[in-house]
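Step one of this worksheet: look at the structure below.
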Amino acid sequence: MKTIQTQVAIIGAGPSGLLLGQLLARKGISNIILERVTGDYVLGRIRAGILEQGFADLVREAGVSERMDAEGHVHEGVELAINGKRTRIDLKGLTGGDEVVCYGQVEITRDLMDARREAGLETYYEASGVQPHDVKSDQPYLTFDHGGESYRLDCDFIAGCDGFHGVSRQTIPEDIRTEYERVYPFGWLGLMADTPPCHEELIYAKSERGFALASQRSPTRSRYYLQVPLTDKVEDWSDEAFWEELKKRLPAEIADKVVTGPSIEKSIAPLRSFVCEPMQYGNLFLVGDAAHIVPPTGAKGLNLAASDVAALYRILTRVYDTGDRRYIEQYSEIALRRVWHGERFSWWMTNMLHNFDQEVSNNGLDGQMFERFMKSEADYFLNSENGRRVIAEQYVGLPYEEVKEY
Ligand code: FAS
Ligand code: PHB
């Protein structure tokens, strides 16, 4: 077995692991990333598209924002349409200037991978059998296999950035961790096409037929989603069927502007709300999807991963600057406070914008009654400036919490 060492061992080279590694390296904190698949496979995952103000600022702090600032599109507003009635949420006006950046997760991941390679930082792609050990001790380590050789990676801390299906969360003993979960009775069918977006801002639309989202990646690339039953398979949906259904769910004047074309990606994602508490165990820290999942209705998944990264990066920087390990005791509480705000907002937006009328019981209500409560919720919040401000503040992202000094 070959022994190597670093200060912070990171499991997972998705956006969480790459952003954390980049930020730590800029502070002179050594780190090695172990990733199960190839870099191309990571880049093949089509996922998020909206970056909160805080995330964009963190990418700038990481020194990796050149392409995002050049090619990302700042959005000052977003629209919610309920049965054809459109309401614009003035993100900038209602939050005193905050905005969101429309820039694909794939692009952020690509930029972070390029920066890591140019900085000569170590990433073991196709690392198998990654296993944390002695995480409660001050000498934790990982074992893994790579290129036919077995390794031991000695470190001070382990960042579990390995997503929902990773090994990190399972390392926290079952009697220590509590998992909270709500699985929604539908999924999102997503389609990407090289066609111009139908509107300059995002439109979240609810109709009698179900939810639809009109998003985008660039002036020539559109991203759309439809609420579909969990029983649907992606092969059940031809491109033509997708475009026809999308137009029925968007406001008529927007539907008329939809430019159709062949899909370059089409997939169905299930929707769940999930949180693991605590998000740390000894010197192991859970980051991003390893600890929490949200329905994408609030555009929070990737953004909550970023606020976890911000908290852990600041805490570890203080530990190495001061030699005071007490700072690590703050991570789970700081991260979870913002995670639960993002979870609630995503659950609330999902409830308000999707059709649950087929659900037998939701919060103890039958689907029909729940639908009427949610219709009233949307009516109230969208028709009051205070209500729109509540949505705007959450959508652009709540402030990141500072680390307490000793
Ligand atoms: P990731 O899952 O991205 O990365 C984890 C990495 O760890 C992966 O590369 C994996 O290969 C690796 N790994 C796992 N186990 C390992 C092991 N044992 N050893 C080594 N490596 C291991 N968020 C939004 O904000 N908006 C959206 O529209 C949106 N759409 C989504 C659609 C889908 C289908 C999915 C699954 C998620 C979506 N998300 C969305 C959420 C998504 O963007 C995540 O929040 C984001 O990828 C989180 O990044 P990471 O925490 O890095 O986890
Ligand atoms: C996307 O463009 O992929 C996207 C945007 C906003 C969301 C979810 C997904 O809430």
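The values are calculated or read from the model by the stated rules, or taken from the named source; none is laboratory data. Since we're looking at a predicted model, the values are computed, not measured. Methodologically, a virtual Cβ is constructed for each residue, glycine included, from the backbone with ideal geometry; neighbour enumeration extends over all protein chains shown. Keep in mind that these areas ignore ligands, DNA and RNA; they rest on the heavy atoms of the full protein, side chains included. Shrake-Rupley method; radii C 1.70, N 1.55, O 1.52, S 1.80 Å.
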Count, lysine Cα pairs under 21 Å in segment 118-260, 8 or more residues apart or across chains: 7
Computed magnitude of the charge dipole of segment 198-289 (debye, nearest 20; Cβ of K, R +1, Cβ of D, E -1): 120
Alpha-carbon Rg/Rh ratio, for segment 1-125, with Rh computed the Kirkwood way: 1.09
Part-to-part distance (alpha-carbon centres) for segment 66-104 and segment 336-377, which is given in Å: 23
Segment 106-260, relative contact order [Cα under 8 Å, separation at least 6], %: 15
Most mobile listed residue (TYR313, TYR204, TYR151) in the chain, GNM with C-alpha springs under 10 Å: TYR151
Anisotropy class of segment 96-245 from Cα gyration tensor, a/c 1.5 cut: prolate
Two-decimal log10 I(q)/I(0) for segment 218-272, as the Debye equation yields it once each C-alpha is a single scatterer, q = 0.31 Å⁻¹: -1.46
Cα principal axis extents for segment 319-406, largest first, Å: 58, 32, 14
Positive-pole candidate from LEU353, LEU271, VAL74, dipole of the chain, charges at beta carbon: LEU353
Alpha-carbon centroid distance for the pair segment 6-57 / segment 217-261, whole angstrom: 31
Residue among ASP236, ASP154, ASP308 with the largest mean-square fluctuation in a Gaussian network model of the chain, springs linking Cα atoms under 10 Å: ASP236
Cα-based convex hull volume of segment 228-310 per residue, rounded to whole Å³: 149
Rh by Kirkwood over Cα pairs, then Stokes-Einstein D for segment 158-316 at 1.567 mPa s and 4 °C, µm²/s: 74
Most fluctuating residue given options HIS73, HIS165, HIS146, as computed from a GNM of the chain linking Cα atoms under 10 Å: HIS165
Residue-normalised accessible area of the chain, expressed per residue, 1.4 Å probe, Å²: 42
Kirkwood hydrodynamic radius of the chain, Cα pairs, Å: 22.0
